[in-house]
Amino acid sequence: MPAKRLKNWSSGPNTTDGRSTLDELTQRFDSLATQHDWQQDTIYRYPQDDSLQIRAWRTAHQGEALWIISGIHGEEPAGPNAIARELENVIALADAGVPVVLIPLANPQAYRNNWRYPNTAERDWRKGGYSVGDAEYLLPDLQEGSKPRAASPPGPETRSLTEYVLRVAQQYPPRLVLDLHEDELST
């Protein structure tokens, strides 16, 4: 049975590069809480703009879950836009009893600026950029395995995101994780 279409969603390009605006995506994902009884969590609030937040939505029913994550890199809009366009299919899975955790826009500040990282327009991480998905501070070093690969998370968004995932995974253990990225092919 085809999924029911949600009201008030424009799937057409809304910015010059074809992506939906941050506000359009946020309204679309907010429909999960307002129309479908999903729980909404604020993972991180940006101190310079309280309206800018990393948020997640999860089904009320817990258990082994489908986790869908996208928007780690802001200049990779395909994932958040694809999820927004096909949200009815995610809702249909949840309605069929599949627990779902959705983090569709893990780096909204970079998305809004069309940057890769939240803190700089530089694409090269060696020039000060950091990824909100960097969990090196939680992983053992490759030589000895006795200490973390990094002393601390590279940014406050990173700490908040990893802490959220570890906490929520207790009630929604990942059965399948879809991490949607898009990268340029190099020759």
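The values are calculated or read from the model by the stated rules, or taken from the named source; none is laboratory data. These numbers were taken from a predicted model, which means no experiment stands behind them. For neighbour counting, all protein chains shown are included, and Cβ atoms are generated from backbone atoms with ideal geometry for every residue, glycine included. The area values use the complete protein model at the heavy-atom level, side chains included, leaving out ligands, DNA and RNA. Shrake-Rupley method; radii C 1.70, N 1.55, O 1.52, S 1.80 Å.
See the values below:
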{"read-out": "Simple spin-label estimate for ASN89 and ALA151 in nanometres, 7 Å along Cα-Cβ", "value": "4.5 nm"}
{"read-out": "Share of pairwise Cα separations in the chain, more than 30 Å, in percent", "value": "20 percent"}
{"read-out": "Modelled FRET efficiency - R0 30 Å, ASN119 with THR42, Cβ distances, 0.05 increments", "value": "0.90"}
{"read-out": "Tilt relative to the chain, helix 156-168 - C-alpha long axis, 0 to 90 degrees, to 10", "value": "60 degrees"}
{"read-out": "Loop-resident sites, the range 106-187, for trypsin sites (Lys or Arg not before Pro), counting at most 13 other Cβ within 10 Å (DSSP)", "value": "ARG123"}
{"read-out": "Residues ASP183 and LYS127, FRET efficiency given R0 of 22 Å [Cβ-Cβ distance, rounded to 0.05]", "value": "0.75"}
{"read-out": "Antiparallel DSSP beta bridges within the chain, percent to nearest 5", "value": "50 percent"}
{"read-out": "For the chain: relative contact order, % (alpha-carbon pairs under 8 angstrom, 6 or more apart)", "value": "23 percent"}
{"read-out": "Exposure ranking of GLU75, GLU157, GLU86 by accessible area [1.4 Å probe, largest first]", "value": "GLU86, GLU75, GLU157"}
